[in-house]
Amino acid sequence: MSTVVFLGGGRITAAMLAGLRLGKTEHYLVVHDRNPGKLRNLKKTYPVAVEPDLERAVEQAGVLIIAVRPGSVGELLGSIGKISRQLLRPQLLAVSLAAGVPLRLLIKSAGPPLRWARAMPSPVCRSGRGLTAVTYSRSFPRAGRKLIRDLFATFGEVVEIPESKFDLFTVTFSPSHGYHAVSALARAAQEAGLDRKTALLTSAHALADGIISWREEKHSLESVLEEAATPGGTAAATMAAMDAAGYQRAVRLGLAAGLRRARANAGK
């Protein structure tokens, strides 16, 4: 098992630590962050070692997880680049979780010794039901690919996709879509007369139960849509009105805006 060092102790690191604990990972886990309060909280909550010194954190690593916001990646990689080349071993694997920051920039910013991959997990990974996309640089070793895939498979399904599709995966995959839909549906139900508690409960079940049933029973999406929205029924009328009001167009515009933001983060 490798020593996995998280550089950044924010929300996604906490979610991954929860998922790794749930999956009973055997990797040795270390977190580096400049904020001592974050390190104290993580150490108290999870079976993880903490290291406030960046150089000592990197020195321990078999796998580096870059878990900072896209705007902070350059500064962090600049700091890593100043570390002695003896510590940046050629076999050291680095995985960036930063949305929109491509492999070419990661390789350029930190120098050639690191073998780079990108991964996009969701905060839902804390429940063990996550989905993670991964993509690798050409120099990433075969054994390293298996190690990274197995690491993320600890808390859910893993898909390998080309980097050219990574930004689109990121904006499509966000759990914000589900939360946003629950919020909008519940708000509309409340305005129509349901109390807030019942509106939220009903909306959450409407979305989650249907999706879980579809995934577990493995029916086609078209067949379950047809079953749920009987012609002439209330569900069919509801869906038709939503589409007529621009539901599909709103989703397309949302994905396009997310892609623009991801590309802006990368300086594309």
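The values are calculated or read from the model by the stated rules, or taken from the named source; none is laboratory data. Since the structure is predicted, the reported quantities are computational estimates derived from the model, not experimental observations. Please note: Cβ atoms are built from the backbone with ideal geometry, for glycine as well, and neighbour counts cover all protein chains shown.
Only one of the listed residues (Pro123, Pro162) is under 28 Å from Leu106 (Cα atoms) and surrounded by fewer than 12 Cβ atoms within 10 Å (Cβ to Cβ). That residue is Pro162. Of the strands (runs of 3 or more DSSP E) lying entirely inside segment 92-187, those containing at least 2 residues that are among the aliphatic types (A, V, I, L, M) and under 13 Å from Ile66 (Cβ atoms) span 93-96, 115-120.
Count of segment 190-201 residues, restricted to those that are under 29 Å from the mean Cα position of the chain (by Cα) and buried (at least 16 other Cβ atoms within 10 Å of the Cβ), is 2.
For segment 160-178, the condition holds for no residue, the condition being that it is touching a residue at least 24 places away in the same chain (Cβ under 8 Å), within 13 Å of the chain's Cα centre (by Cα) and more than 21 Å from Ala256 (Cβ to Cβ). Does Asp33 qualify as being surrounded by 16 or more Cβ atoms within 10 Å (Cβ to Cβ), out of contact with any strand residue (DSSP E or B) (no Cβ under 7 Å at 6 or more places or on another chain), closer than 25 Å to Ser79 by Cα and among the acidic types (Asp, Glu)? Considered against the rule, which asks whether it is surrounded by 16 or more Cβ atoms within 10 Å (Cβ to Cβ), out of contact with any strand residue (DSSP E or B) (no Cβ under 7 Å at 6 or more places or on another chain), closer than 25 Å to Ser79 by Cα and among the acidic types (Asp, Glu), Asp33 comes out as yes.
Tell me whether segment 135-149 contains one or more residues that are under 26 Å from Gly254 (Cβ atoms) and surrounded by 14 or more Cβ atoms within 10 Å (Cβ to Cβ). Yes, some residue in segment 135-149 is under 26 Å from Gly254 (Cβ atoms) and surrounded by 14 or more Cβ atoms within 10 Å (Cβ to Cβ). Candidates in segment 216-268 are the residues that are small (Gly, Ala, Ser) and part of a loop (DSSP other than H, G, I, E, B); of these, the one that is surrounded by the most Cβ atoms within 10 Å (Cβ to Cβ) is Ala229. Restricting segment 1-16 to residues that are over 13 Å from the mean Cα position of the chain (by Cα) and within 25 Å of Ala143 (Cα to Cα) leaves a set whose member that is surrounded by the most Cβ atoms within 10 Å (Cβ to Cβ) is Phe6.
Scanning segment 18-30 for residues that are among the hydrophobic types (A, V, I, L, M, F, W, C), touching a strand residue (DSSP E or B) at 6+ places or on another chain (Cβ under 8 Å) and in contact (Cβ under 8 Å) with a residue 40 or more places away in the chain gives a single hit, Leu20.
Leu194: touching a helix residue (DSSP H, G or I) at 6+ places or on another chain (Cβ under 6 Å) and either more than 17 Å from Pro123 (Cβ to Cβ) or β-branched (Val, Ile, Thr) (or both), yes or no? Criteria not met by Leu194. Here the condition is being surrounded by fewer than 18 Cβ atoms within 10 Å (Cβ to Cβ) and in the same structural domain as Gly144 (by TED's automatic domain parsing); of Gly81, Gly19, it holds for Gly81 alone. In the condition set (1) loosely packed, with under 13 Cβ neighbours inside 10 Å; (2) touching a residue at least 12 places away in the same chain (Cβ under 8 Å); (3) out of contact with any helix residue (DSSP H, G or I) (no Cβ under 9 Å at 6 or more places or on another chain), Ile212 is compliant with all but (2).
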